[in-house]
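Structure first, commentary second.
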Amino acid sequence: MDNRHSILTDTLPDQAVFALDIGTRSIIGMVGMPDGERIHIVAIERAEHTKRAMIDGQIEDIDQVAKIAGQVKDRLEKKLGCRLNKVCVAAAGRALRTESVTYEMELSRPQKIDAESVSRLEAGAISEAEKLFMNREGRESDRQFYLVGYTVSRYYLDNYMISNLIDHHGRVLKADIIATFLPTEVVESLYAAMHKIGLEVASLTLEPIAAINAAIPQNIRLLNLAMVDIGAGTSDIAVCRDGSVTGYTMAILAGDEITESIMKEYLVDFDTAEKIKSEIDEAEELHFSDILGFEQTITRDSIFQCIKEASSRLCEEISAKILEVNGGMPSAVFLAGGGSRLSGLKEGIVEHLKIDPKRVAIAGNNFKINAFSDEYDLENPEYATPLGIVISAGFNIVNDSFRVILNDKPAKLFRSGSFTVMDVLMMNGYNYQDMIGRSGQNLVVSVNGKRTVFYGEKAEPSVLKLNGEEAQLSDPVNTEDWIVFIPASHGKSASAMLSQVTEIGKGRKVLVNGEAVREDIPLKSGDAIEIEDPADESEEEPVQKDGEKEPKETVPDPVNPVLSGTGPIPQAGNGKGADSRISKGKITFFLNNNPLTLPLKPDHQPYYLMDMLEYSGLDFKNVTGQVILEVNGESGYFQQELHSRDSIMIYQVK
């Protein structure tokens, strides 16, 4: 083994980093060791895909990707004389879904804004952003996405812009956010390919984040800069300002657009077109054979004319995406990736952005700030992503350094910075409905012209604990914290038989939707039931399973809970002293100004505000406005413990 690698043993030292950049055209493997304030790159290997296993940076053929990645891994192991067991990877920017949204939440009255209210505002905005892009793209509503990250560009309180809502008093909260999502299949396919070659994924980031970590070091991110990583299938874009990465996007055009133009113009195969593209600056004339076997000689000027239109489209698309994600012109642009070396591309970006030519540069000059090598030329812009993965992991910029355990497994964290419980849950595929649950749909029928309701089952509330203690969504998360989260289980929709409304037979005439019925049948929402000699029923009559009316204030059973409609409203209490009304295994609350009596839970656990959602009368599957939660006149939160005779308000503001 080479002396320079004598630091490596049979297995890679813990501080060493093995990264794989799985691109559309090739896979690059890189191994680095932290050395002082820089990373020492000790080995690089590359292998081309032998067939189309990737489309626009996303894995299509897991077996084929695993095969080529395995070849890169084997070569590195042979070169280093050690085994590689853990790998750091990056998900393609192509699959990212970014959405900007303005979301408003109105409270019932002006009040002091707390962290939980802000978390509810941001969670609602994120859900709205996901709903927008899924509706636009026609996605199925049950498709799962990871929240990669989100940025609140501005807050408003009572229509005034404000930098921080906490501890201010107001009623109308509003936030402008940019949220970025990643489909779960993108991440799972990466994990599957790595698992096939015996590698454990040690850290996962995004390709644009990795590239910006290599091209734009932390110490210059106070400036408003853009980084464009131009690969074969996609052009990933990231922008930063004020020390943080503020947005990611991608252009659907990349280097393959240029290659395909050459293929069509000169009737050559893909490999020949790639060779022509790479040699365009090396000679005045190029020689090659077309697919018919004829030898051809073309001038550099003729190639430029051939690719001029495709190159212009590429530059126009990249420039438009930079302006969109940055909200205007950046101070400077760095071009990275293999496609950045294409002749004329830099000049095209300058032209379409209308920016000073001195403000657009090929990335590579900054690579040496964070990494060095005795053997390899690291200034190659093609190394932006693999080098960025190594730098990110080696300098603890990504989640391998910020380790959080979620349900006994390391949580997937796609960015650095501070996190709340809500951030971690949404980054790992959970959504707002998992946190609050959804009651079963009510079954509503008409009995002699009066509305009768069978209530759907209540949802089982979610369980959320941080380091063994009950937690809120707004609670901050620190490294090595462990979170237990059991999603809320949705309640079953109500079902009922005709016999639960009236006796059938015995000379009684029963019509359902105008047709005579002589036997028991299941009811459907909207059924109109007419009964001879109808009972005196209330305007909105809840029904128990045995068909009898509910008394004015009663204990609903767990399947068909009933909210009574009358009764005096006493002062809210805290469940202590003489006002406490816990007797005979029952507890009474006042929900939306109506008394609600419930049986004590079998496990003697308290009721939480989340439990009351099922009795509020709101259809959470079809909410059209903001849902306001209040306990005793103050803003409430889902996991808030309730006490006997608490006054609870749950209503929708449109």
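Any read-out appearing in this document is the output of simple, stated calculations on the displayed coordinates, not a laboratory observation. Worth saying up front: this structure is predicted, and the values here are computed from it rather than measured. Because the Cβ atoms are built from the backbone with ideal geometry, glycine has one as well, and the counts that use them run over all protein chains shown.
A few points about this structure:
- Count Lys and Arg as plus one, Asp and Glu as minus one, and take only other residues whose Cβ is under 15 Å from that of F294; the net charge is then -4.
- Taking region 256-307 and dividing mean pair separation by its residue count, relative contact order in percent (alpha carbons under 8 Å, at least six apart): 34
- Highest mean first, the peptides 207-216, 610-619, 521-530 sorted by other C-beta atoms within 10 Å per residue fall in the order 207-216, 610-619, 521-530.
- Cα-Cα pairs of region 277-328 separated by more than 13 Å (percent): 68
- 9 Å beta-carbon shell around F589, net charge (K/R +1, D/E -1): 0
- Cross-link check: pairs K450/K509; K277/K368; K67/K308; K51/K321 evaluated at a Cα-Cα cut-off of 26 Å; pairs beyond the cut-off: K277/K368; K67/K308; K51/K321.
- With each label modelled as a point 7 angstrom along the Cα→C-beta vector, the D14-N159 pair spans 5.8 nm.
- Share of alpha-carbon pairs per 5 Å distance bin for region 256-307, given as whole %: 4, 23, 38, 27, 8, 0
- The residues packed around M610, meaning those with a beta-carbon under 11 Å from its beta-carbon, carry a net charge of -3 if Lys and Arg are +1 and Asp and Glu are -1.
- Förster radius 56 Å - calculated FRET efficiency between I521 and S244, Cβ distance, rounded to 0.05: 0.35
- Flagged links, alpha-carbon separation over 24 Å, of K131/K174; K458/K586; K131/K196; K112/K174; K409/K601: K131/K196; K409/K601
- Taking all Cα pairs closer than 8 Å and separated by 6 or more residues, the relative contact order of region 274-357 comes to 25 percent.
- Dimensions of region 188-283 from C-alpha coordinates, computed as largest minus smallest value along each principal axis and given longest first, are 47, 40, 24 Å.
- Computed about its Cα centre, the charge dipole of region 256-307 is approximately 120 debye, with only Lys, Arg, Asp and Glu carrying charge at their Cβ.
- Residue order, fewest to most surrounding Cβ atoms within 10 angstrom, among L425, L206, L199: L199, L425, L206
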